[in-house]
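**Student:** One structure follows; several queries about it will come next.
The values are calculated or read from the model by the stated rules, or taken from the named source; none is laboratory data. All of these numbers come straight from a predicted model, not from anything done at the bench. So basically every Cβ, Gly included, is an ideal-geometry build from the backbone, and we count neighbours across all protein chains shown. The area values use the complete protein model at the heavy-atom level, side chains included, leaving out ligands, DNA and RNA. Shrake-Rupley method; radii C 1.70, N 1.55, O 1.52, S 1.80 Å.
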Amino acid sequence: SDPQGTKQNSAASHPPSTAVRSVELRVNDHAVINDRPCQINDISFTLEGLHLRGRKVSLVGVDVHTGQSHRCMVPDYSFVSIPTVVRSEFTLLDVTADGFMSLLTDDGQTKDDVKVPGGGLGRRMRAAFGRGVDLMVTVVTAMDEETCIGFRENKGD
């Protein structure tokens, strides 16, 4: 790790759903940066080396689960892993004492393995659910992790 907090990308540790050349990535694409699934919010190109022959791609992205910013530099000829990121909505049935949600899937099954989010989002969700509001919960799934990233009132749509 260098003083600017830039790490070399270690995409090889995660089997990619797909991989693309780093120069083909665009803002708002998803990529694995520092072993985390991220949405890219900045891309820049730099020339390095004595004769400016080694072009590098600088990627800055936001972790789809935590919101934390990650950055890496990769050679322009390298391939970058693209995680499969899926957003799903579920009906919130219950919130357990140990901080998990009971969710209703489209096929009528229950899903009980997603934690209530922390911070203000979790507090607002618990408060709305406690008032008896029928809620739809948005869950993002990527790289074997699931995270609740939002909720809305279920108005029957």
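**Student:** Out of Thr138, Thr84, report the one residue that is of a type in the set (S, T, N, Q) and open to solvent by 30 Å² or more (accessible area, probe 1.4 Å). Reasoning before the result, please.
**Tutor:** Values: Thr138 fails: open to solvent by 30 Å² or more (accessible area, probe 1.4 Å).
Answer to the selection: Thr84.
**Student:** Let me ask something additional. Pairs under 8 Å by beta carbon, first residue under 20 Å from Glu146 (Cβ atoms) in the range 114-131, partner acidic (Asp, Glu) and outside any helix (DSSP H, G or I), six or more apart or different chains?
**Tutor:** Val114/Glu146
**Student:** Yes or no: the range 102-122 includes at least one residue that is at pLDDT below 95 and in contact with a Lys or Arg (Cβ under 8 Å, 6 or more places away or on another chain).
**Tutor:** Checked against the condition, which is being at pLDDT below 95 and in contact with a Lys or Arg (Cβ under 8 Å, 6 or more places away or on another chain), the range 102-122 yields at least one hit.
**Student:** Kindly provide the set of residues from the range 1-60 that are modelled with pLDDT of 95 or more, basic (Lys, Arg) and open to solvent by less than 60 Å² (accessible area, probe 1.4 Å), ordered by number.
**Tutor:** Arg36 - this is the single residue of the range 1-60 that is modelled with pLDDT of 95 or more, basic (Lys, Arg) and open to solvent by less than 60 Å² (accessible area, probe 1.4 Å).
**Student:** Out of the range 110-120, which residues are open to solvent by 30 Å² or more (accessible area, probe 1.4 Å), out of contact with any Phe, Trp or Tyr (no Cβ under 8 Å at 6 or more places or on another chain) and closer than 30 Å to Cys38 by Cβ? If you could, list the steps in order and put the result at the bottom.
**Tutor:** Within the range 110-120, the subset open to solvent by 30 Å² or more (accessible area, probe 1.4 Å) is 110-113, 115, 118-119.
When the remaining residues are screened for being out of contact with any Phe, Trp or Tyr (no Cβ under 8 Å at 6 or more places or on another chain), the result is 110, 118-119.
Gly118, Gly119 - these are the residues of the range 110-120 that are open to solvent by 30 Å² or more (accessible area, probe 1.4 Å), out of contact with any Phe, Trp or Tyr (no Cβ under 8 Å at 6 or more places or on another chain) and closer than 30 Å to Cys38 by Cβ.
**Student:** With respect to Lys155, determine if the residue is part of a loop (DSSP other than H, G, I, E, B) and without any contact (Cβ under 8 Å) to a residue 40 or more places away in the chain.
**Tutor:** yes
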